[in-house]
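Have a look at the structure below, then the notes.
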Amino acid sequence: MADPADLPPLREVIAKYGLNAEKSLGQNFLLDLNLTGRIARCAGQLEGETVIEIGPGPGGLTRAILAAGARKLIAIEKDRRCLPALADIAEAYPGRLEIVNDDALAIDETALFEGRAKIIANLPYNVATPLLIKWLAGRERFSSLTLMFQKEVADRITAQPRTKAYGRLSVLCQWLCDTRREFDISPRAFTPPPKVTSTVVTLRPRETPLYPADPAVLEKVVAAAFGQRRKMLRASLKPLGKPPEDMLEKAGITPTRRAEELSVKEFCALARGYE
Ligand code: SAM
């Protein structure tokens, strides 16, 4: 099979290789090529780019990324059953698709390419947040991350202060990245349908974080503040072991305010006040 146009429809691929969805692997496949094309386009220009895809499964999004012109696509899939279907795609796009049979949580994907890459993935929901945290730590190697999450996680990533979804993940992601909600996808678009709506988000790592702060201190302060999000900061920051009033005063923040009212800028000031 040498031509992408000869690749069979994804339903046939699933039947041919017996890819019954495995719940423990978060397998909800996207078979609509319009949707997979739309997700790939959210990552911007792919011509000449290296792309990492996590969990290609039967390869719907994989095909869209290659059709969009990615120079090199490294696809990391844990489920061995998917490998023959992916090998067919590799054959149709000679030299452009590298398939890695490994666990995305364990692997150091930055060792697989030089320079910077884009990540594009319909993530397995059970490991989506730990994967995002891992990529944020190594963000200088990624120019963008276009990721599909459960809507509730996407809400947390992009949430603004004074909303229910605003929390640790919002502060961390927005401090380090420009975050953009792309679009929602109904459960009906997947095979089998998940229980919840999905949302595509694009994160673009910033050259430098939005405001100065030590990452470990910021994480500690944000965790303490949101650990008791309904309490006033003068109480919720007590577990940090330093008088909350001192750091709040240094940061110019009224002690009666609550975690969910603070902007990313104010959290960074608080982290500097703690130091
Ligand atoms: N990309 C395909 C699509 O859009 O139809 C499949 C997406 S499905 C939501 C998640 C995929 O991630 C599955 O193929 C699953 O086998 C794979 N997967 C689950 N856990 C993984 C892990 N720890 N490392 C790598 N792949 C994983």
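Which of the numbered conditions does Gln27 fail, given that it passes all the others? Conditions: (1) of a type outside the set (Lys, Arg); (2) within 11 Å of the ligand (Cβ to nearest atom); (3) free of Cβ contacts under 8 Å to residues at least 40 places away in the same chain. Result: Gln27 passes all but (3). With respect to the conditions (1) more than 26 Å from Asn20 (Cα to Cα); (2) touching a residue at least 12 places away in the same chain (Cβ under 8 Å); (3) not in a helix (DSSP H, G or I), Leu218 lacks only one, and its number is (3).
A quick yes/no check of all residues on (1) closer than 27 Å to Gly138 by Cβ; (2) not in a loop (DSSP other than H, G, I, E, B):
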residue	(1), (2)
Ala5	no, yes
Pro8	no, no
Val13	no, yes
Leu35	no, yes
Val51	yes, yes
Pro84	no, yes
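Would region 90-102 turn up any residue that is over 21 Å from Arg41 (Cα atoms), among the acidic types (Asp, Glu), touching a residue at least 12 places away in the same chain (Cβ under 8 Å) and surrounded by 19 or more Cβ atoms within 10 Å (Cβ to Cβ)? No, region 90-102 contains no residue that is over 21 Å from Arg41 (Cα atoms), among the acidic types (Asp, Glu), touching a residue at least 12 places away in the same chain (Cβ under 8 Å) and surrounded by 19 or more Cβ atoms within 10 Å (Cβ to Cβ). Hey, any hits in region 92-103 for a residue that's touching an Asp or Glu at 6+ places or on another chain (Cβ under 7 Å) and away from the ligand (no atom under 13 Å from the Cβ)? Within region 92-103, one or more residues are touching an Asp or Glu at 6+ places or on another chain (Cβ under 7 Å) and away from the ligand (no atom under 13 Å from the Cβ).
Here the helices (runs of 4 or more DSSP H) wholly within region 113-194 that include at least 1 residues being touching a residue at least 60 places away in the same chain (Cβ under 8 Å) are 128-137, 168-176. The residues of region 10-23 that are in contact (Cβ under 8 Å) with a residue 12 or more places away in the chain and within 14 Å of the ligand (Cβ to nearest atom), listed by number, are Leu10, Arg11, Val13, Ile14, Tyr17, Gly18, Leu19, Ala21, Glu22. Apart from one condition, Asp6 fits all of (1) within 13 Å of the ligand (Cβ to nearest atom); (2) closer than 16 Å to Ala90 by Cβ; (3) loosely packed, with under 13 Cβ neighbours inside 10 Å; the exception is (1).
Here Leu33 clears all of (1) within 16 Å of Ala189 (Cβ to Cβ); (2) modelled with pLDDT of 95 or more except the condition numbered (2). Could you check region 56-82 and list, in sequence order, the residues that are more than 9 Å from the ligand (Cβ to nearest atom) and either of a type in the set (S, T, N, Q) or assigned to a strand (DSSP E or B) (or both)? Of everything in region 56-82, those that are more than 9 Å from the ligand (Cβ to nearest atom) and either of a type in the set (S, T, N, Q) or assigned to a strand (DSSP E or B) (or both) turn out to be Ala70, Lys72, Leu73, Ile74.
Among the residues of region 30-55, those identified as within 13 Å of the ligand (Cβ to nearest atom) and either more than 20 Å from Pro193 (Cβ to Cβ) or hydrophobic (A, V, I, L, M, F, W, C) (or both) are Leu30, Leu31, Leu33, Leu35, Gly37, Ile39, Ala40, Val51, Ile52, Glu53, Ile54. A search for C-beta distances below 7 Å between a residue of region 50-68 that is assigned by TED's automatic domain parsing to the domain that holds Ala121 and any residue that is more than 10 Å from the ligand (Cβ to nearest atom) and of a type in the set (Phe, Trp, Tyr), counting only pairs 6+ apart in sequence or on different chains, returns Thr50/Phe113; Leu66/Tyr93. Among the conditions (1) outside the structural domain of Ala43 (by TED's automatic domain parsing); (2) touching a residue at least 24 places away in the same chain (Cβ under 8 Å); (3) surrounded by 13 or more Cβ atoms within 10 Å (Cβ to Cβ), Asp246 misses just one, which is (3).
The values are calculated or read from the model by the stated rules, or taken from the named source; none is laboratory data. Quick caveat, the model's predicted, so the values are computed rather than measured. Glycine gets a Cβ as well: all are built from the backbone with ideal geometry, and neighbour counts include every protein chain shown.
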